[in-house]
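Bear in mind these aren't lab numbers, they're just calculated from the coordinates by the rules spelled out. None of the values given here were measured: they were computed from a predicted structure. Positions of Cβ are generated from backbone atoms using ideal geometry, with glycine treated the same way; all protein chains shown enter the neighbour counts.
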Amino acid sequence: MAVGVTALSATTGLFRLGLARFFFPNVLAEPPSRFKVGSKEGFPSGVVETKFVAQYGVWVVNADFEGIQQIYALKTVCTHLGCTPNWLEAEQKFKCPCHGSGFYKDGINFEGPAPRPLERYAISIAGDGQLEVDKSKSFQEELGQWNDPASYVTA
């Protein structure tokens, strides 16, 4: 009888523990969707800034696009299968290590299986004069959204 009561108590305790874990699941801490990356002067022409890749998943680029010098934030996700491409400074391109997709500095795909260019995030000048990236808004080139003034800041 005592063994039965002990087994029932242990089972009830484990059930309650499982129930508590159900109501209090593990939470994944995400970085903020809006963050500041510095002033425009901190991004010289022709530079791809990679220091925001690990924490925010963003490259900040200052480059010429369709005749306009722009600063824009590229999403660090390959449009083929979602891998993270690498910036190859010597070759001036983004190269995906998974299946070989290549993207120019402006994010346009030119080699490999990627079906479309990289996406941009919204970028603006905050009230304190710093550039602010907003990852809650993205822009796709093939939909003509890169012409949206919220997708870049003129350098």
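Here are the numbers for this structure:
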item	result
Computed [θ] at 222 nm, deg cm²/dmol, the chain (DSSP H ≥ 4; -39,500 (n - 2.57); rounded to nearest 500)	-5500 deg cm²/dmol
Under Karplus coefficients 6.51, -1.76 and 1.60, residue-wise ³J(HN,Hα) of the range 83-97 in Hz, glycine/proline x	6, 9, x, 10, 8, 9, 4, 4, 9, 6, 8, 9, 10, 7, x
Structure-derived mean projected area of the Cα convex hull in nm²: which label, when the choices are [x] 11.5; [y] 24.4; [z] 13.9	[z]
Segment residue 104-residue 138, extension gain: residue separation times 0.36 nm, minus the distance between their alpha carbons	10.4 nm
Phi to ³J(HN,Hα) by Karplus 6.51 cos²θ - 1.76 cosθ + 1.60 over the range 49-59, Hz, x for Gly, Pro	8, 9, 6, 9, 5, 5, 7, 10, x, 9, 9
Selection of trypsin sites (Lys or Arg not before Pro), the range 33-86, meeting DSSP coil and at most 14 other Cβ within 10 Å	51
Normalised per residue, the volume of the convex hull around the Cα set of the range 100-139 (Å³)	79
Where GluC sites (Glu not before Pro) fall in DSSP loop in the range 9-92, at most 14 other Cβ within 10 Å	66, 89, 91
Cut-off 15 Å between beta-carbons: net charge of the residues surrounding residue 125, Lys and Arg +1, Asp and Glu -1	-1
On Cα atoms only, tilt of 2-23 relative to the major axis of the chain in degrees	20
Other-chain or far-sequence residues with amide H under 5 Å of residue 70's (modelled H)	63, 64, 65, 155
Members of 36/105; 36/95; 95/135; 40/93; 51/105 lying beyond 19 Å, as alpha-carbon distances in this model show	36/105; 36/95; 95/135; 40/93
